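Notes follow once the structure below has been shown.
The values are calculated or read from the model by the stated rules, or taken from the named source; none is laboratory data. Keep in mind that what you see is a predicted model, and the values were worked out from it rather than measured. Using ideal geometry, Cβ is built from the backbone for each residue, glycine included, and neighbour counts are taken over all protein chains shown. When the accessible area is computed, the model is the full protein with side chains, heavy atoms only, and any ligands, DNA or RNA have been set aside. Shrake-Rupley method; radii C 1.70, N 1.55, O 1.52, S 1.80 Å.
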Amino acid sequence: MKPALDLRLYGIIDPARTRNRDPVELVRAALAGGITLLQLRDKHAGTRDFVDMARALHDVCGPAGVPLLINDRVDVALAAGVEGVHVGQSDMRVGDARRLLGPDALIGLTVDCADDAREAANGEVDYAGIGPVYATRSKDDADPAIGPQGLRERLTHLRGVPCCGIGGITHGNAAGVIEAGAGGVSVISDIFMADDVEASARRLRRIVEDALS
């Protein structure tokens, strides 16, 4: 059975952006603050360490009813038994990931341009992450920011596909992402680099809920 998908506050944890704190404890705090989905991204870990971290985070997310997705690495998602993956335009094709993970996996796709949006609308993905909406320092090879207007334009090609904004989203601009039409926000730094992760997540969740209402 496919897990329920809730994009309202989609946290992305990258061990390189935790201020050298324990990712497991940070995720516990973020869950207490109200994140609705979690992605583990790690561009530097060896496969064994990546799987071990995924399992540790899954043990925390499972009781909270929050799905865990793995960035890019379908093999890690399979080994760790998590709920799915998020892939970019240079990662494994969505159709190949679906064949490996099965119909019950959650699969998200990064959408940078209109062509990407049309690909995401073909029925194979569960959601699209659109961006970068704003400039971000969390990804070395990030494309230029598309802004809220670019987000709106891409959403026109994605009717019926759940979408969240990603890239440079903070407490100060999250409401604008929702007002542009996204169903949620994906956040790295303003959750997992915060002094108080739980409080920061709770504040973001409140901002999103207010904008959605």
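A count restricted to segment 36-52 and to residues that are in contact with a helix residue (DSSP H, G or I) (Cβ under 8 Å, 6 or more places away or on another chain) and open to solvent by less than 10 Å² (accessible area, probe 1.4 Å) stands at 3. Selection of segment 171-194 for residues being over 15 Å from I13 (Cα atoms), of a type outside the set (A, V, I, L, M) and open to solvent by 10 Å² or more (accessible area, probe 1.4 Å) yields H171, G172, N173, G176, E179, G181, G183. Just one of (1) at pLDDT 95 or above; (2) under 13 Å from E124 (Cα atoms); (3) of a type in the set (G, A, S) fails for A64. It is (2).
Any chance segment 188-201 includes a residue that's small (G, A, S) and without any contact (Cβ under 8 Å) to a residue 60 or more places away in the chain? Within segment 188-201 (the criterion being small (G, A, S) and without any contact (Cβ under 8 Å) to a residue 60 or more places away in the chain), the answer is yes, since at least one residue qualifies. Kindly indicate the residue of segment 141-195 that is among the charged types (D, E, K, R) and in a loop (DSSP other than H, G, I, E, B) and also modelled with the lowest pLDDT among those meeting that condition. Of everything passing the filter in segment 141-195, D141 is modelled with the lowest pLDDT. Of everything in segment 1-25, what is farther than 21 Å from L78 by Cβ, in contact (Cβ under 8 Å) with a residue 60 or more places away in the chain, open to solvent by less than 70 Å² (accessible area, probe 1.4 Å) and of a type outside the set (V, I, T)? Give them in sequence order. Scanning segment 1-25 gives D6, L7, R8, L9, Y10, G11, R17. Taking the stated definitions as given, is E198 among the charged types (D, E, K, R), within 17 Å of I12 (Cβ to Cβ), open to solvent by 50 Å² or more (accessible area, probe 1.4 Å) and outside any strand (DSSP E or B)? Spelling it out, E198 is indeed among the charged types (D, E, K, R), within 17 Å of I12 (Cβ to Cβ), open to solvent by 50 Å² or more (accessible area, probe 1.4 Å) and outside any strand (DSSP E or B). Taking the criterion of being surrounded by fewer than 17 Cβ atoms within 10 Å (Cβ to Cβ) and at negative phi, the residues of segment 53-77 that qualify are R55, A56, D59, G62, P63, A64, D75. Annotation: of all residues in segment 92-111 being out of contact with any helix residue (DSSP H, G or I) (no Cβ under 8 Å at 6 or more places or on another chain) and open to solvent by less than 40 Å² (accessible area, probe 1.4 Å), the one that is modelled with the lowest pLDDT is G95.
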